[in-house]
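Q: This structure is in structure tokens; I'll ask about it shortly.
The values are calculated or read from the model by the stated rules, or taken from the named source; none is laboratory data. In this text, all values refer to a predicted model and were calculated from it rather than measured experimentally. Because the Cβ atoms are built from the backbone with ideal geometry, glycine has one as well, and the counts that use them run over all protein chains shown. Only protein heavy atoms, including side chains, enter the accessible area calculation; ligands, DNA and RNA are left aside. Shrake-Rupley method; radii C 1.70, N 1.55, O 1.52, S 1.80 Å.
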Amino acid sequence: MTQPLPPFMHPITGMVCEPAACTEDVVRASLIEAARSMQQLGINHGSAGNVSVRWHRGAADGMLITPSALPYEQCGVDDIVWVSMAAGQGTAALQVDGVRQPSSEWRFHHDLYVRRADARAVVHTHAPHCAALACLPQVQQQGIPAFHYMVAAAGGRDIRCAPYATFGTQALSDHVLAALTDRRACLMAHHGMIALGGALESALALAVEIEWLARTYALALQLGTPALLSDAEMDRVLDRFTRYRADPLDDLLAAEPDAHGRTAVPS
């Protein structure tokens, strides 16, 4: 008698599901759930922000992304938009499949997937403390420095801030990609933040972590000038993160499941 295939963790969403059940509609539903959860997690408000996952249809490379100007509470699986990776490359027109237009910020999602093989999910939010810090000239120039070892969760010794450009433009996408060089998250000047991950759950968890760091750094600045960890210490932290798992945030949250009141990401 043939034994049924065991449940497995979907490589894009991070959800544990039956193999036959991990359809595009399931992934679309997970995007909506993630988008709705951003407000509950305190990292977004209203219809701001956007969420996407890399999603291929046969030989066609693409992504699934939340729609433009639709409150997430009203969003259904048919409202999620598929965008081809060929969109906007050279003379290629935007190729979409959906009843709605993709998020106005589709461009930096698209460009990240084209440039970053490690990006399987992208979360962009208008997290309040990230947005507030990203309005300060000091942070725009220096980012969030190594005031806390968890800064390394973004992939380096600091969390950079991408320069400002009008939303939805190629200029903004270029700034974001530059700020994310060798990083998994960054602030966006006068705007918010962005986080990427190997799965939707890890990208969302990283976004929550970056907002906690932004809030804590803002509190520290009110008390004085924070002392900073040395480059050597941050390098040691980065090494410890990367030695345990391919996605360092997964190891981080598994090792500290109760830190900041969060639940560990399944591993």
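Q: Tabulate in residue order the Karplus-calculated ³J(HN,Hα) for segment 24-37, using 6.51 cos²θ - 1.76 cosθ + 1.60 with θ = phi - 60°, rounded to whole Hz; enter x for Gly and Pro.
A: Those phi angles translate into 4, 5, 5, 5, 4, 5, 5, 5, 4, 4, 5, 4, 5, 6 Hz.
Q: A follow-up question, please. If amide H atoms are built 1.01 Å from N in the plane of the peptide, which residues on other chains or at least 5 residues away come under 5 Å of the amide H of residue 186?
A: Those qualifying (amide H under 5 Å, at least 5 residues apart or on another chain) are 194.
Q: Give me the percent of accessible area attributable to carbon and sulfur for segment 22-167, probe 1.4 angstrom.
A: Details: 3130 of 6210 Å².
Solvent-exposed carbon and sulfur of segment 22-167 make up 50 percent of the total.
Q: Moving to a separate point now. What's the ranking of 200-206, 223-229 by average number of surrounding C-beta atoms within 10 Å, highest first? Don't jump to the answer; show the numbers that get you there.
A: Working: 200-206: 25.9, 223-229: 11.3.
Taking the mean over residues of other Cβ atoms within 10 Å, the ranking is 200-206, 223-229.
Q: May I pose another question? Karplus couplings for segment 66-75 from phi (6.51 cos²θ - 1.76 cosθ + 1.60, θ = phi - 60°), rounded to Hz, Gly and Pro as x?
A: Ordered by residue, 3J(HN,Hα) equals 5, x, 7, 6, 10, x, 5, 5, 9, 7 Hz.
Q: Compute, for segment 105-256, the length of the dipole vector about the Cα centre, with Cβ point charges of +1 (Lys, Arg) and -1 (Asp, Glu) only. Units Debye, rounded to 20.
A: On the way: 13 positive and 17 negative charges, 36 e Å.
About 180 debye.
Q: Which distance in Å, rounded to a whole number, links the C-alpha centroids of segment 165-183 and segment 89-146?
A: A separation of 7 Å, based on Cα centres.
Q: 5 Å is the cut-off here: which amide hydrogens, built 1.01 Å from N in the peptide plane, fall below it relative to residue 159, excluding neighbours closer than 5 in sequence?
A: Sorted by chain and number, the residues that satisfy this are 144.
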